[in-house]
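Q: Take a look at the following structure, please.
The values are calculated or read from the model by the stated rules, or taken from the named source; none is laboratory data. Keep in mind the model is a prediction, meaning the values are calculated, not measured. Cβ coordinates were reconstructed from backbone atoms using ideal geometry, including for glycine residues, and neighbour counts include every protein chain displayed. Side chains included, ligands, DNA and RNA excluded: accessible areas come from the protein's heavy atoms. Shrake-Rupley method; radii C 1.70, N 1.55, O 1.52, S 1.80 Å.
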Amino acid sequence: MKLLLLRLSSMGDVLHTLPALTDLQQARPDLRLHWLVEPAFAPIAQLHPGVARVIPFSLRNYKKQWRGLAVALRDLRLGLRVEHYDHILDAQGLYKSALLGRLGGAPLWGLDAASAREPGATRLYHRCFPVAWGQSAVSRNRQLFAQALNYPLPETPPDYGLQVAAAHLRQDALAEPWGELVQQPFVLGFHGTSRENKEWQEDYWRALAAPLRQAGLRLLLPAGNAREAARAQRIATQADNVLALPTLTLLELAALIVRADAYVGMDTGLSYLAGALGLAGVTLYGPTARGRFSVAENRQASLQSSEPCSPCGKSRCPLPEAKNGRILCQQALRPEQVWTALSPLLERRL
């Protein structure tokens, strides 16, 4: 049996899907799975051994400029239909994913209208499955896959299936030009997010660097764009054990993750990637709610802001203090609180 999976983005959504792939691989070893995904996240999909082929396709490239989209969709349709899929599973539940799924020429399955993020998209499905809200995305994906492919839902904890990939990445890290970075103990600081109201203020990162220095650890700060790079440089210039990293690919960052001692991160994709690769760490939640991502509790700490307004779920802080750059829910997550959560994880590291 050949199955096409649609889970286009974002990094967190792609990672949320991996435990369901592990379940599927164990329950249906006869199945050959292809994954249609945004090119930026294709490296993550390629890490899972249950994925036979990754098909990168970017709708984001055509958000502002539609020219060329018709040709790209035609080519995608031709490429998908050559594969002769038995079924297509849309795990995203959006109009765009459902429309792309219909290009494949096979029965399209997905969430029902009460379960999908965009209920109208389910009109394009040939078969729908109910999955209750109010639980983690990982659990919802596992339930969807089990229903669609007709196997019992495993009672085991989520398995991201990245153990073999992590072992290879550890070796790759030593061979990189920046391989000397991994020769000394370090903690990764995932300070960049897609939303400014989820950021931790710069003086908090510098404050966290102090106990890390006393513990013999450096703080490495990756950056995904010019704004994040500038912030990392500002933090690094005022703390001698902080290093602003050069721009790295997703796989290069993964290779650093598996060599790190721990991480501290915002509610962002890199924090989830670190958790999926088995790295111990602390994730900070201000405007968003913790519990969105399932990881081993003995290796992870999730800190929710104590502010009464947290979690509001808003993309922009509506409080008047935000006009002066003060995000109260993030300010309530104090560096000493983060260090208290992080230090036991460092003590348990192998």
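Q: Skip the ligands, DNA and RNA, and give the accessible area per residue of the chain with a 1.4 Å probe, whole Å².
A: 46 Å²
Q: Then there is this: Can you order the peptides 273-279, 127-133, 108-114 by their average number of other Cβ atoms within 10 Å per residue, highest first?
A: Working: 273-279: 24.0, 127-133: 14.4, 108-114: 20.3.
For the peptides 273-279, 127-133, 108-114, the packing ranking is 273-279, 108-114, 127-133.
Q: I would also like to ask the following. Determine which aspartates and glutamates satisfy two conditions relative to Lys63: a Cα distance under 18 Å, and not lying fewer than 8 residues away in the same chain.
A: Partners within reach: Glu38.
Q: Now for a separate question. Determine the dipole magnitude for region 1-121: charges of +1 sit on the beta-carbon of Lys and Arg, -1 on that of Asp and Glu, nothing else is charged, the reference point is the Cα centre, and the result goes in debye to the nearest 20.
A: On the way: 15 positive and 10 negative charges, 108 e Å.
Charge dipole, region 1-121, about its Cα centre: 520 debye, nearest 20.
Q: Here's another thing I want to ask about it. Between helix 226-237 and the chain, what is the angle of the helix's C-alpha long axis to the longest principal axis, kept within 0 to 90° and rounded to the nearest 10?
A: Here the helix axis deviates by roughly 30 degrees.
Q: So if I place +1 on the C-beta of Lys and Arg and -1 on the C-beta of Asp and Glu, and nothing else carries charge, what would the dipole magnitude of the chain be about its Cα centre? I want it in debye, nearest 20. Don't jump to the answer; show the numbers that get you there.
A: Numbers: 39 positive and 29 negative charges, 210 e Å.
Using Cβ point charges on Lys, Arg, Asp and Glu, the chain gives about 1020 debye.
Q: Now, a different point. Can you list the residues, at least 5 places off or on another chain, whose amide H is less than 5 Å from the amide H of Arg32, using H built in the peptide plane?
A: It is Lys2, Leu3, by chain and number.
Q: Hey, which lysines would be in cross-link range of Lys64, C-alpha to C-alpha under 19 Å, not counting anything within fewer than 8 residues on its own chain?
A: The reachable lysines, counting only those whose Cα sits under 19 Å from Lys64, are Lys96.
Q: Determine, for each peptide in 250-259, 63-72, the mean count of other beta carbons within 10 angstrom over its residues, then list the peptides with the highest first.
A: Details: 250-259: 21.5, 63-72: 9.4.
The densest-packed peptide leads the list: 250-259, 63-72.
Q: A further question on this structure: Could you name the aspartates and glutamates whose alpha carbon sits less than 19 Å from that of Lys323, not counting residues in the same chain fewer than 8 places away?
A: Leaving aside aspartates and glutamates fewer than 8 places away in the same chain, those within reach of Lys323 are Glu196, Glu199, Glu202, Asp203, Glu307.
Q: Please report the carbon-and-sulfur percent of the accessible area for region 233-316; probe 1.4 Å, protein heavy atoms only, DNA, RNA and ligands left out. Intermediate results must be reported in sequence, preceding the final value.
A: Numbers: 1610 of 3440 Å².
On region 233-316, the fraction of accessible area on carbon and sulfur atoms equals 47 percent.
Q: In debye, nearest 20, what is the charge dipole magnitude of region 1-51 about its Cα centre with +1 on Lys and Arg Cβ and -1 on Asp and Glu Cβ, if you could check? Kindly include the intermediate steps, with their values, before the conclusion.
A: Working: 4 positive and 4 negative charges, 32 e Å.
Charge dipole, region 1-51, about its Cα centre: 160 debye, nearest 20.
Q: Measure off, as a whole percent, the carbon and sulfur share of the 1.4 Å-probe accessible area of region 32-85, all protein chains present.
A: Result for region 32-85: 54 percent of the exposed heavy-atom area is carbon or sulfur.
Q: While we're here: Working from Cα positions, state the angle (0 to 90°, nearest 10) between the long axis of helix 137-149 and the longest principal axis of the chain.
A: Between helix and principal axis, roughly 20 degrees.
Q: Next question. Ordered by residue, what ³J(HN,Hα) values in Hz, to whole numbers, does region 305-321 give under the Karplus form 6.51 cos²θ - 1.76 cosθ + 1.60, where θ = phi - 60° and Gly and Pro are x?
A: Working through the residues one at a time gives 4, 8, 4, x, 7, 9, x, 8, x, 8, 7, 9, 6, x, 6, x, 4 Hz.
Q: Just to confirm the number: angle between the C-alpha axis of helix 69-83 and the first principal axis of the chain, 0 to 90 degrees, nearest 10?
A: Computed tilt is about 70 degrees.
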